[in-house]
Amino acid sequence: MSAPLRLVPLREDHLERVRVWRTSEEVTRFMYTDPVLTPEGQAAWYRARVLGEPTSRWWIVEAEGRPVGLANLVDVDAVHRRCHWGLYLGEPSARGQGWGAQVLRALFAYGFGTLGLERMVGEAFAWNEAAVELYVKEGGRVEGRLRHHVYKRGAWHDVVVVGILREEWEARRGARGAEAVVEER
Ligand SMILES: CC(C)(COP(=O)(O)OP(=O)(O)OC[C@H]1O[C@@H](n2cnc3c(N)ncnc32)[C@H](O)[C@@H]1OP(=O)(O)O)[C@@H](O)C(=O)NCCC(=O)NCCS
């Protein structure tokens, strides 16, 4: 069996790679914005958002020690016990071999198991079939379609909201496949 995927806490030495991924066409086309990122801006973002915000967790996805993507939980709300998840595989060659599913299962395990959340939410452009199908395949339910939620590249885009409840995640306990190992900071 191949070595497991790992979610490694995002470090300062990962930032340049993240900057290159996030601004590459193969990632940014699936995101709501097309930011211009500088190394200085990345460092400031890291200090403010990654290290400075207890309401978010950021990881690099590593396959056999090689960084292949980014995963996060943001807006972790201790009162309502919910958060949003996000992930991308920065290298298109890393896609389509089950790694996204392993990462999402690990995010669910961390959110429900470690953080004790009640609900987790993901979003994707309605046309992003890979993401929406992944979310649903791993137990999420389509909860709504936010029409014209994002204005990007001269057009309006609908966004699909997918949610999963703790009880739905627990009910899949026996059916879940391998999941990435999550490392703590
Ligand atoms: C979305 C993404 C994370 C999926 O990761 P992945 O490793 O390619 O997906 P997996 O190989 O784990 O596939 C798991 C399931 O997702 C769905 N899926 C994956 N790629 C798909 C595609 N091209 N078309 C339709 N469904 C797809 C399928 O249901 C698949 O299950 P199956 O293989 O049994 O059919 C990855 O494609 C990616 O990084 N995309 C760009 C960024 C992005 O869209 N991020 C999420 C939204 S912001």
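The values are calculated or read from the model by the stated rules, or taken from the named source; none is laboratory data. What you are looking at is a predicted structure, and each value in this text was computed from that prediction instead of being measured. A quick note on method: Cβ atoms are made from the backbone with ideal geometry, for glycine too, and the neighbour counts reach across all protein chains shown. With ligands, DNA and RNA removed, areas are computed over all heavy atoms of the protein, side chains included. Shrake-Rupley method; radii C 1.70, N 1.55, O 1.52, S 1.80 Å.
Counting only residues that are crowded, with 18+ Cβ neighbours inside 10 Å and either within 9 Å of the ligand (Cβ to nearest atom) or basic (Lys, Arg) (or both), how many does region 56-67 have?
Number of matching residues: 1.
Pick from ALA78, ALA71, ALA101: which is among the aliphatic types (A, V, I, L, M), more than 12 Å from the ligand (Cβ to nearest atom) and modelled with pLDDT of 95 or more?
From the options ALA78, ALA71, ALA101, the qualifying one is ALA78.
Given the conditions (1) over 19 Å from GLY122 (Cβ atoms); (2) modelled with pLDDT of 95 or more; (3) among the small types (Gly, Ala, Ser), and given that SER56 satisfies all but one, which numbered condition is not satisfied?
Tallying (1) over 19 Å from GLY122 (Cβ atoms); (2) modelled with pLDDT of 95 or more; (3) among the small types (Gly, Ala, Ser), SER56 fails exactly one: (1).
So which residues in region 104-131 are near the ligand (Cβ under 8 Å from one of its atoms) and under 16 Å from GLY86 (Cβ atoms)? Outline the logic, then answer.
Just the residues of region 104-131 that are near the ligand (Cβ under 8 Å from one of its atoms), to begin with: 104, 122-125, 128-131.
Hits for region 104-131 are LEU104, GLY122, GLU123, ALA124, PHE125, ASN128, ALA130, ALA131.
Contact list please: Cβ distance under 6 Å, first residue in region 120-136 and within 18 Å of ARG166 (Cα to Cα), second residue part of a helix (DSSP H, G or I) and more than 6 Å from the ligand (Cβ to nearest atom), pairs at least six apart or on different chains.
As it stands, the answer is MET120/GLY111; GLY122/TYR135, since those pairs meet every condition given.
Do the conditions hold for ARG6, that is, is it out of contact with any Leu (no Cβ under 8 Å at 6 or more places or on another chain), among the basic types (Lys, Arg) and either part of a strand (DSSP E or B) or loosely packed, with under 14 Cβ neighbours inside 10 Å (or both)?
On the way: out of contact with any Leu (no Cβ under 8 Å at 6 or more places or on another chain): yes; among the basic types (Lys, Arg): yes; either part of a strand (DSSP E or B) or loosely packed, with under 14 Cβ neighbours inside 10 Å (or both): yes.
Yes; evaluated as a whole, the condition is true for this residue.
So if I check each of ASP75, ASP13, which one is in a strand (DSSP E or B) and open to solvent by 60 Å² or more (accessible area, probe 1.4 Å)?
Answer to the check: ASP75.
Among the numbered conditions (1) farther than 15 Å from ARG185 by Cβ; (2) under 15 Å from the mean Cα position of the chain (by Cα); (3) within 16 Å of the ligand (Cβ to nearest atom), tell me where GLU26 comes up short.
Failing condition for GLU26: (2).
Give all pairs with beta carbons closer than 7 Å in which a residue from region 149-174 that is without any contact (Cβ under 8 Å) to a residue 24 or more places away in the chain meets a residue that is surrounded by fewer than 11 Cβ atoms within 10 Å (Cβ to Cβ) and part of a strand (DSSP E or B); count only pairs at least 6 apart in sequence or on separate chains.
Within 7 Å, the pairs are TRP156/HIS148.
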